[in-house]
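Laboratory data are not the source of any read-out in this text; all were calculated from the coordinates shown. None of the values given here were measured: they were computed from a predicted structure. Glycine gets a Cβ as well: all are built from the backbone with ideal geometry, and neighbour counts include every protein chain shown.
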Amino acid sequence: MNILEVQNLSKVYGKDEMEVRALDDVSFTVKKGEFVCIVGPSGSGKSTLLHLLGGVDVPTSGQVLIDQTDIYALDETQLAIFRRRQIGLIYQFYNLIPILTVEENITLPMLLDEQKVDIAHLERIIGILGLSNRLTHLPNQLSGGQQQRVSIGRALISNPAIILADEPTGNLDSQNSEEIMSLLKLFNKKFNQTLIIITHDERIALQADRIISIEDGKIAKNEVVRA
Ligand code: ADP
Ligand code: ADP
């Protein structure tokens, strides 16, 4: 089953002679449980693509279907709710809320929607992420690797259709990077969590099931690495 379908997606920034075609008629699909890496040179359109997949920007044309929902056909309120429930976002610089504890940061997407937190699910995630004795800490009391584990928890709490990660290890040393990658892969393999990572790092891309290369806003390659 395709959990993600991207159809003829384009994004143009600016107007007239200032126009930049950041993404040009991009189409691909991702199956449930797949781990896909998106690679490409700086300025090729990777972040633009991730923002469009994450429902945080609006395409110039084309569609993004996540679990069969055409996300840009939703109104703003519906999209905000859909995003919190079905799209887990992980950033290079964590984007945690500094005045909230670890537990509050992780459960925030549920609380914003007045959804009940599934305590067994929460405890399992916290256990796997090794955060059990950090729940009442504030983000600035944690290392970078620990903060990224909190943001993984926040991305997973609603059991989303897809996880989108933008250079998730870009701010970490090699040992913490490896740890974060093994955790993301564990959720991918053990819980069939669909995972899409943007990366510059060849060592990360080579761990994916499939690598999509973007060049000049177009897909240059779309290769299965492992079946
Ligand atoms: P990447 O993530 O691969 O580095 P981006 O998606 O950030 O690429 O950028 C793709 C192209 O779109 C670049 O030419 C960039 O300068 C341009 N671009 C990105 N964001 C904007 C914006 N908000 N306004 C104008 N141009 C932009
Ligand atoms: P059920 O559909 O019976 O609830 P699941 O296979 O969805 O079973 O989940 C079984 C257990 O795995 C649950 O306790 C849940 O906490 C955990 N789980 C499910 N999905 C995820 C996920 N994406 N990340 C972490 N844990 C998960």
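Overview of results
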quantity	calculated
Percentage, to the nearest whole number, of Cα pairs in region 71-119 over 12 Å apart	69
Antiparallel bridges, percent of DSSP beta bridges restricted to region 67-224 (to nearest 5)	40
Footprinting exposure proxy for Leu74, Leu23, Leu79 (fewest neighbouring C-beta atoms within 10 Å first)	Leu74, Leu79, Leu23
Set Lys116/Lys218; Lys32/Lys221; Lys46/Lys189; Lys46/Lys116; Lys15/Lys218; Lys15/Lys185 screened for pairs whose C-alpha atoms are more than 32 Å apart	Lys116/Lys218; Lys46/Lys116; Lys15/Lys185
Most fluctuating residue given options Glu215, Glu104, Glu202, as computed from a GNM of the chain linking Cα atoms under 10 Å	Glu202
Relative contact order (percent, whole number), region 1-157, Cα cutoff 8 Å, 6+ residue spacing	21
Most fluctuating residue given options Asp67, Asp209, Asp113, as computed from a GNM of the chain linking Cα atoms under 10 Å	Asp113
D (Stokes-Einstein, µm²/s), Kirkwood Cα radius, the chain, 0.890 mPa s at 25 °C	137
Cα centroid separation, region 36-94 to region 154-227 (Å)	15
Normalised alpha carbon radius of gyration of region 21-108 [divisor 2.2 N^0.38 Å]	1.22
Neighbour net charge for Thr194 - beta-carbon separation under 12 angstrom, K R +1, D E -1	+1
All-pairs Cα distance distribution in region 138-203, expressed in whole percent, bin size 5 Å	4, 16, 30, 27, 16, 7, 1
